[in-house]
Structure formats: structure tokens, C-alpha cells
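The values are calculated or read from the model by the stated rules, or taken from the named source; none is laboratory data. Remember, it's a predicted structure, so these values are computed and weren't measured experimentally. Glycine gets a Cβ as well: all are built from the backbone with ideal geometry, and neighbour counts include every protein chain shown.
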Amino acid sequence: MLPPQKPNNHHLRAPHSECPLDKTHYISAKEQGLALDGPDGLLGQFTKTFLETVLNEEMTEHLGHEKNRAPDEREESNVRNGTRPKTVISPSTGPVTIQVPRDRDATFTPVIVPKRQRRLTGVDEIVLSLYARGLTTGEISAHFNQIYGAQVSKETISRITDKVIEEMQTWQSRPLNGVYAAIFIDAIVVKIRDGQVANRPIYAAIGVTLDGAKDILGLWAGTGGEGAKF
């Protein structure tokens, strides 16, 4: 177990081929029961945040106004009407319970998570690469273009892209604790579309606070060539 230390860029930098991780200094998260994927995995929160952010932007497109900003002179009376829980299944993170927004007239039809569909496809690639800074803004927008096609306007795709990037940047810039009882390193392999589809590792640094809470301190996208040394 690592001694308590203050996280900084030196300790949390992404693994790469010229700086192999020393197994005598880093303890596998799985050995300590800190799974990244699966029903209780730590990555499920990223999928939840991503999907709920996109769904709220879809609702904004459907209603024509943002939450609590409906114009008084509008012709339509339809507004948001709370949320409903839905459990979806992601190939990497397993079951994830999200809150799907509802409208008063019940005419909202989600696209990112269609009605009566629970198994997600293509979402893991976007979510993990987004938080691991493995996708540029243009690549994220291209993924949404592929998902939505002609179902929504380019302006909406641009707004959704900006919103998920904003959420990602908020998470990346959040303050960390000064001291952690332990820091573990783990990785998950996902399919990334970079010209062609290829398996790439997403590395995670997991911190355990002094009161036992677990937190993902950072995510980094690897190239795939460093796997033998991890």
C-alpha cells in the first residue's frame, strides 16, 4: 500500500511506453476489490452523468427552451415534468440507473437512450475517451453526428457537444483531497474509433480517502503499446 501523499501531476501522469509502471510501487485496484467496470464499478458514474447531460439537452431541443426558462409568451404549454428512473446496461460498466426527463404532454422521445431499449451501444467509447481526454471536440461532435444523423439539427449537436465537454472539464478541474490513504492504478480496454476501430487501454488512478471513500482521481487514454509493461 502506498503511503499517504498529495496527488500531483508527477504521481498521476499517464503511463506510457518509456515509463513503465513498477509493480512493486503500484497495487492493482482489482486486488483490493476496487472494480472499474461491472455493476458496482467506479466508472458507472461517468456513464450516468454523460447520459443525463445529453438527455437534458435533447429535452431542451424538444421543448424549444432550457429548464426553468420557458418564455411567458410561448404558444405551447408543454414543459418539463420531472424525471423517471431507468436502468440501462453498458458493455463496460454494466447496469447504470439514470434519470430520464419527462414532459407534461408525454411527447418526448429520447434518442441517446431510446424508449424500450436498455442495452447501450457505442456509448462507452465516447464516455471513457471523453473523460480520459482521448477525443478532440471535433471527434466528439462526429460521434454525435453518427448517433443522431438527421434527427436533430447541427446547432443541437454543437450544443450537446459543448455541454458534455463542460461537464468533463468541471470534473477534471475539481479539487482533490490533500492526502489519500492509498492510491491504486487500474485499466480497462475499450474499442476506440481513431480512423479505424482498435482496442485501447483507459488508465485510472483510484484514491481511497482517510474515511474509506473511493474516488477516481484521473483517467488517461493509452496508445495500446504500453500494455506489456503495465
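Can Asn199 be described as in contact with a strand residue (DSSP E or B) (Cβ under 8 Å, 6 or more places away or on another chain), among the polar types (S, T, N, Q) and either at pLDDT below 85 or surrounded by 20 or more Cβ atoms within 10 Å (Cβ to Cβ) (or both)?
yes
Assuming Ser129 fulfils every condition listed in (1) at pLDDT 80 or above; (2) on the phi < 0 side of the Ramachandran plot apart from one, which condition is it?
If we test Ser129 against (1) at pLDDT 80 or above; (2) on the phi < 0 side of the Ramachandran plot, just (1) comes out false.
Starting from segment 103-115, take each residue that is under 17 Å from Ser90 (Cα atoms) and list its partners that are loosely packed, with under 13 Cβ neighbours inside 10 Å and at pLDDT below 95, counting only C-beta distances under 8 angstrom and pairs at least six apart or across chains.
Pairs that qualify, where the first residue is under 17 Å from Ser90 (Cα atoms) and the partner is loosely packed, with under 13 Cβ neighbours inside 10 Å and at pLDDT below 95, are Val111/Gln151; Lys115/Thr109.
What's the number of the only condition in (1) surrounded by 11 or more Cβ atoms within 10 Å (Cβ to Cβ); (2) in a loop (DSSP other than H, G, I, E, B) that Pro175 fails to meet?
Every condition holds for Pro175 apart from (1).
Specify which of the listed residues (Ile98, Ile140) is surrounded by 16 or more Cβ atoms within 10 Å (Cβ to Cβ) and farther than 25 Å from Ala221 by Cα.
Exactly one of Ile98, Ile140 is surrounded by 16 or more Cβ atoms within 10 Å (Cβ to Cβ) and farther than 25 Å from Ala221 by Cα, namely Ile98.
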